[in-house]
Amino acid sequence: MSKIPVTDADLIDRFGPHLNETPPGGWDAGLEVDKVVETHCCFCGQQCGIKLKVHDNEVVGFEPWYEFPFNEGKLCPKGVKRYLQGSHPDRLVHPMERDESASGGFRQITWEQAYDRVVSEIRRIQETYGNDSFAMLSGVSLTNEKSYMIGKFARLALKTANLDYNGRFCMVSAGGANKQAFGVDRASNPWSDIPLADVVWIAGSNVAETFPITTSYIWKARDRGAKLIVQDPRVVPLARTSDLFLGVRPGTDSALFGAVLNTLIRNDWLDHEFIANHTVDFDKAVEAAHEMTPQWASGVTGVPAARIEEAAEIWGTSATGMLLHARGIEQHTKGVDNCLGAINLGLATGKFGKPGCGVSTITGQGNGQGGREHGHKCDQLPGNRDIRNPEHRAHTAAVWGCDESEIPGPGIPAEAIIEAIHAGEIKGLLSICFNPLVSAPDANFTREALDKLEFFSVIDFFLSETGQHADIVLPGSLQEEDEGTTTSGEGRIIKINAAVTPPGEAKRDWEILCAIADRLGAKKYFDYDNTEQIFDELCRASSGGKADYTGATWQRIEDEMGLFWPVPEVGHPGTPRLFEGGRFHHPDGKARFHGVPFKESAEVVDDEYPTWLTTGRVVSQYLSGTQTRRIASLVEQYPEPLCEMHPRLAETLGVADGDIVKVSSRRGEVILPANVVTTIRPDTVFIPYHWPGGKSANLLTIRAVDPGAQMPEFKVAAVKIERVGGHSDSTDARDLHVGTGQEASHS
């Protein structure tokens with residue numbers, strides 16, 4: 001069973017997170033730089049250009065890359081400090097095996113010993129329980145080449161259907177809506193269209209903190225007179241400059257969108273020609289919105305009816321407009337509906353296929369766009385093909401050189417994999433760059449599931465909280481240690497250049513997977529010498545698919561500073577703006593309206609749990625914090641999670657700013673300092689989710705998922721709050737509680 005081998009204190013003492021405060025040699029080392037490498041930030045989906053400075057095979061600093069068109073040298077705090085994760089004392093540099101008698105619970109072994117153990121356990125479990133009893137979980141911080149290869153590896157080497165990825169917790173609701181409405185899943189516009197919009201509507205995104213470079217595009221639109229609408233339960237920094245703030249109650253975005261559509265229809269702020277020529281099913285949207293008046297929506301959302309009508313007027317009477325949404329409307333049991341509701345507003349007013357017009361998701365993870373295109377989703381084949389479609393399967397099999405019958409059918413998504421592990425249906429797991437113990441909902445349940453695995457192996461560069469449960473740890477590579485491509489949130493394919501090689505005995509991720517595939521008897525499918533060969537194969541596999549990279553090459557991507565897919569043939573210039581001329585990607589070329597009724601969230605407040613909880617990110621941390629919680633300056637900026645609440649709520653609880661509060665849901669509890677602010681709804685609290693153990697916001701969240709996208713409902717839970725200590729009691733209170741029902745040393 002894959003329980004942690006020693007106490008938390010022993011694990012942290014050996015593997016961290018420890019704080020890296022300075023680059024190699026210190027800030028004033030005066031090192032001679034051997035080379036400067038143009039590449040991209042490893043964090044969010046903006047994929048900003050950056051130049052890494054290298055000395056003696058170590059990244060020692062950075063320079064702005066002014067020429068790269070997306071960020072023009074600008075970086076956020078994470079981008080500025082990202083290089084400090086290289087040459088880090090916590091870096092995994094040797095294969096390791098669980099050993100409770102060893103320091104930190106793991107002992108160093110050879111690669112041959114590691115490979116032998118992994119392969120023997122895969123074979124034992126699959127021979128005993130069946131192929132699908134062994135699963136794989138992956139991450140979209142990986143390059144396109146690795147994402148593509150993992151999809152192939154799971155199907156042809158592991159021979160399992162059960163593969164999924166951590167994008168399941170990020171962009172899948174938007175992806176599902178995009179495919180239903182447009183027939184393709186990509187941002188409708190390059191970000192260079194934002195300054196051309198007469199209105200910019202931000203729905204469910206704290207842009208200034210989580211996508212800071214996007215803010216500069218919004219300022220450019222503002223400089224030419226654009227209106228700004230912000231929709232969020234919190235008055236996020238960008239909202240403080242907005243023309244109109246829509247402070248929705250968590251879980252009610254579809255009601256607000258429906259009421260805006262209702263108002264557009266009543267006032268005839270519609271583009272009838274666009275609707276007639278480029279869309280179908282407008283009647284379904286009209287019918288669903290018929291009773292969704294601003295007065296009704298005000299009672300549901302808490303947004304005054306007059307503000308809803310004003311939003312409709314601004315949107316409906318503006319010649320151009322862009323609506324950008326993110327996890328705030330997507331991480332719901334009706335996340336797909338929320339996104340379809342937003343898309344309806346763009347279609348109704350003809351805001352697609354022309355400059356300054358579109359409705360797009362802001363992709364969260366580093367390769368969140370490319371990672372959801374090329375086959376490491378449970379139901380997907382390369383090119384965003386459907387694993388159930390016989391023609392798609394035949395095309396992929398021809399590229400892979402296998403029989404179509406060798407490709408398993410659809411597997412189950414990430415949260416369902418965790419559920420199946422907990423139920424004893426999945427016995428073994430291989431995970432790469434995924435930390436579900438921090439990022440999955442209901443962390444206590446996830447921990448119980450990991451404890452039940454018969455065998456668990458991870459490929460990673462730091463030992464994450466999930467990795468602490470592993471039987472075998474395989475040290476992999478950072479982004480700057482390998483060559484490849486990613487695809488930014490705009491749909492721009494960009495080149496990742498290797499600045500250094502992996503330290504110690506660590507290997508590049510794809511080399512590890514090839515070695516395991518070889519030992520599983522699948523070498524003929526994974527006979528690669530470099531990742532450019534993998535990319536070339538990816539392009540062939542994507543050819544004719546929705547995400548078509550046929551005409552892309554590494555050289556073109558570098559020479560042109562990125563290519564926007566689709567690039568359906570050699571010499572094609574790429575497609576920065578989708579839907580030009582109103583042509584969508586369904587067979588008839590038309591977009592689909594959808595009727596979007598309002599549905600409540602899976603859990604609502606009541607007398608026992610009377611307060612809404614929503615979760616999210618802060619500017620200095622990234623996702624589960626595996627990387628950013630190891631960089632001193634980022635930790636100093638936001639050292640621990642806080643429970644953000646309104647003064648009115650604080651007063652009813654007898655809580656002052658800095659007091660210690662216990663926040664409880666039906667699944668767990670956390671003890672945190674209160675952060676009393678006026679920039680949140682009085683019925684809602686906000687907790688960032690980047691921390692593990694007793695500080696984990698996901699001890700509170702619910703495992704309910706969107707029925708289509710299978711996205712968990714991270715943004716809505718019912719909680720109760722009580723004061724447990726004053727400001728001076730904070731250290732003792734937090735040390736005594738871990739929120740797991742275990743001793744503190746085993747959180």
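Residues with beta-carbon under 14 Å from that of residue 263, excluding residue 263: net charge, scoring Lys, Arg +1 and Asp, Glu -1?
Cβ neighbours under 14 Å give a net charge of -3.
Kirkwood hydrodynamic radius for segment 450-517: how many Å is it when counted over pairs of different Cα atoms?
Roughly 13.7 Å, rounded to one decimal.
Among 148, 201, 171, whose Cα sits farthest toward the positive end of the charge dipole of segment 142-232 (+1 at Cβ of Lys/Arg, -1 at Cβ of Asp/Glu, about the Cα centre)?
Positive-most Cα among the choices belongs to 148.
Please state the relative contact order of segment 23-91 as a whole percent: Cα pairs under 8 Å, 6+ residues apart?
Relative contact order of segment 23-91: 28 percent.
Looking only at segment 191-218, which residues have a backbone nitrogen under 20 Å from a spot 7 Å from the Cα of residue 580 in the C-beta direction?
Answer for this model: 191-197.
Amide H of residue 380 versus every other amide H placed in the peptide plane: which residues, excluding those fewer than 5 positions away on the same chain, fall under 5 Å?
Amide H neighbours of residue 380, under 5 Å, 5+ apart: 387.
Subtract the Cα-Cα distance of residue 32 and residue 666 from 0.36 nm times their separation in residues, and report this length gain in nm to one decimal.
So the chain would gain 222.6 nm between residue 32 and residue 666.
Could you sort the peptides 291-297, 178-184 by per-residue average Cβ neighbour count (10 Å cutoff), highest mean leading?
Top of the packing list down: 178-184, 291-297.
Using only helices, what value at 222 nm comes out for the chain when you add -39,500 (n - 2.57) per DSSP H run of length 4 or more and divide by the total residues, to the nearest 500 deg cm²/dmol?
Computed mean residue ellipticity for the chain: -8500 deg cm²/dmol.
Given a Förster distance of 45 Å, report the FRET efficiency between residue 18 and residue 266 from their Cβ-Cβ distance, rounded to the nearest 0.05.
0.15
Looking at the square roots a ≥ b ≥ c of the eigenvalues of the Cα gyration tensor of segment 54-150, which shape do they give, rounded for a/c under 1.5, prolate if a/b is larger than b/c, or oblate?
Oblate.
Summing Lys, Arg as +1 and Asp, Glu as -1, what charge do residues with Cβ under 12 Å from the Cβ of residue 634 carry, residue 634 excluded?
With Lys, Arg at +1 and Asp, Glu at -1, the neighbours total +3.
Just to check I understand the Karplus step: with θ = phi - 60° and J = 6.51 cos²θ - 1.76 cosθ + 1.60, what whole-Hz values come out for segment 208-216, glycine and proline as x?
Once θ is set to phi - 60°, the couplings for segment 208-216 become 4, 9, 9, 9, x, 5, 4, 4, 5 Hz.
Please work out whether segment 416-490 counts as rounded, prolate or oblate from its C-alpha gyration tensor, where a ≥ b ≥ c are the square roots of the eigenvalues and a/c under 1.5 means rounded, while otherwise a/b larger than b/c means prolate and anything else oblate?
Because a/c hits 1.5 or more and a/b exceeds b/c, segment 416-490 counts as prolate.
Find the relative contact order for segment 672-733 and round it to a whole percent, using C-alpha pairs within less than 8 Å whose residues are 6+ positions apart.
Taking the mean separation of contacting Cα pairs over the length of segment 672-733, I get 24 percent.
Add +1 for every Lys or Arg and -1 for every Asp or Glu among the other residues with Cβ under 12 Å from the Cβ of residue 391, and state the total.
+1
Take each of the peptides 680-690, 609-619, 90-100, average the number of other beta-carbon atoms within 10 Å over its residues, and list them starting from the highest.
680-690, 609-619, 90-100
With a 10 Å radius around each residue's Cβ, average the other Cβ atoms per peptide and rank 217-228, 320-331, 344-355, highest first.
The densest-packed peptide leads the list: 320-331, 344-355, 217-228.
So who's got an amide H within less than 5 Å of the one on residue 361, skipping anything under 5 residues away but keeping other chains? H placed 1.01 Å off N, in plane.
188, 325
Once label points are set 7 Å from the Cα along Cα→Cβ at both residue 555 and residue 306, what is their separation, rounded to one decimal in nm?
6.4
Expected output is a single nm value to one decimal: the length gained when fully extending between residue 511 and residue 523, i.e. 0.36 nm times separation in residues minus the C-alpha distance. What is it?
3.1 nm
Rounded, prolate or oblate: which one fits segment 105-170, using the alpha carbon gyration tensor with axes a ≥ b ≥ c (rounded when a/c is under 1.5, else prolate when a/b beats b/c, else oblate)?
oblate
Taking 19 Å as the cut-off for C-alpha to C-alpha distance, list the pairs among 81/695; 74/220; 159/507; 78/715; 227/334; 495/546 that go past it.
Cα-Cα > 19 Å for 81/695; 159/507; 78/715; 227/334; 495/546; rest within.
Apply 1/(1 + (r/R0)^6) to the Cβ-Cβ distance of residue 391 and residue 108, taking R0 = 45 Å, and write down the FRET efficiency to the nearest 0.05.
Computed FRET efficiency for residue 391 and residue 108 comes out at 0.40.
What distance in nm lies between label points placed 7 Å from Cα along the C-beta direction at residue 533 and residue 216?
The modelled label-to-label distance comes out at 3.9 nm.
Amide H to amide H under 5 Å from residue 485: which residues, 5+ apart in sequence or cross-chain, H placed 1.01 Å off N in plane?
For residue 485, the qualifying residues are 144, 145, 496.
For the chain, what is the relative contact order in percent, using Cα pairs closer than 8 Å and at least 6 residues apart in sequence?
Contact order relative to length: 19 percent.
Using θ = phi - 60° and the Karplus relation 6.51 cos²θ - 1.76 cosθ + 1.60, list the HN-Hα couplings for segment 332-339 in order, rounded to whole Hz, with x at every Gly or Pro.
9, 6, 10, x, 5, 4, 4, 5
Starting from the 7 Å offset along Cα-to-Cβ, what nm value, one decimal, do you get for the label separation of residue 80 and residue 724?
Distance between the two pseudo-spin positions: 3.5 nm.
Calculated FRET efficiency, residue 116 and residue 241, Cβ-Cβ r, R0 60 Å, to nearest 0.05?
Once the sixth-power term is evaluated, E becomes 0.50.
When the solvent-accessible surface of protein heavy atoms is calculated with a 1.4 angstrom probe, in what order do 268, 460 fall, highest first?
The residues order as 268, 460, largest area first.
The values are calculated or read from the model by the stated rules, or taken from the named source; none is laboratory data. Worth saying up front: this structure is predicted, and the values here are computed from it rather than measured. Please note: Cβ atoms are built from the backbone with ideal geometry, for glycine as well, and neighbour counts cover all protein chains shown. Only protein heavy atoms, including side chains, enter the accessible area calculation; ligands, DNA and RNA are left aside. Shrake-Rupley method; radii C 1.70, N 1.55, O 1.52, S 1.80 Å.
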